[in-house]
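So the structure is just underneath, and the comments pick up after that.
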Amino acid sequence: QLQLVESGGGLVQPGGSLRLSCVVSGAAFHYYAIGWFRQVPGKEREGVSCISSGGSSSNYGDSVKGRFTISRDNAKNTVFLQMNSLKPEDTAVYYCAARALTGCMSRMSPLQFDAWGQGTQVTVSS
């Protein structure tokens, strides 16, 4: 019953920025922690960031710390991922996912999340 829809992906040059959005419907959004993952062909899905249900805490993968920022607007049922200083190795399909708990684990795993969006492609290239 929970539905997540990502948007905002695209093609950007190294050093550029993108802002991804994830709109959640079908459940009480403010009860869910929301995570962002990314995946490239041949590799496992990688945790990028997670934010608690109230937005009071968040965590980031080591490879994106200092460059990406997660936030949420519970009134609009939306989570954002601001991506700055993008690198070619950030190229991936980015997914948002909902976790039926209020908090995030310090180490993210896809198994912790119950519902997923369809993904949005981010390509960083000259």
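Descriptive notes on the structure:
- Counting residues in segment 61-78 that are assigned to a helix (DSSP H, G or I) and within 26 Å of Gly15 (Cβ to Cβ) gives zero.
- All told, Ser63 falls short of being surrounded by fewer than 13 Cβ atoms within 10 Å (Cβ to Cβ) and on the phi < 0 side of the Ramachandran plot.
- Evaluation of Ser53 against (1) closer than 22 Å to Val5 by Cβ; (2) surrounded by fewer than 18 Cβ atoms within 10 Å (Cβ to Cβ); (3) without any contact (Cβ under 8 Å) to a residue 60 or more places away in the chain (one fails), failing number: (2)
- Residue count for segment 53-71, restricted to those that are at pLDDT below 95 and either basic (Lys, Arg) or in contact with a Leu (Cβ under 9 Å, 6 or more places away or on another chain) (or both): 1
- Number of the exception - Glu44 against (1) under 15 Å from Gln112 (Cβ atoms); (2) open to solvent by 20 Å² or more (accessible area, probe 1.4 Å); (3) touching a strand residue (DSSP E or B) at 6+ places or on another chain (Cβ under 7 Å); (4) not aliphatic (A, V, I, L, M): (3)
- When segment 106-126 is filtered for residues that are over 22 Å from Arg19 (Cβ atoms) and either loosely packed, with under 15 Cβ neighbours inside 10 Å or in contact with a Phe, Trp or Tyr (Cβ under 7 Å, 6 or more places away or on another chain) (or both), the ones remaining, listed by number, are Ser106, Arg107, Ser109, Pro110, Leu111, Asp114.
- Residue within segment 95-105 that is more than 15 Å from Val24 (Cβ to Cβ), of a type in the set (D, E, K, R), in contact with a Gly (Cβ under 7 Å, 6 or more places away or on another chain) and part of a strand (DSSP E or B) present: no
- Residue within segment 86-100 that is more than 14 Å from the chain's Cα centre (by Cα) and open to solvent by less than 30 Å² (accessible area, probe 1.4 Å) present: yes
The values are calculated or read from the model by the stated rules, or taken from the named source; none is laboratory data. Every value quoted in this text rests on a predicted model; they were computed, and no experiment measured them. We place every Cβ from the backbone using ideal geometry, glycine too, and count neighbours over all the protein chains shown. The accessibility values were calculated without ligands, DNA or RNA, using every heavy atom of the protein model including side chains. Shrake-Rupley method; radii C 1.70, N 1.55, O 1.52, S 1.80 Å.
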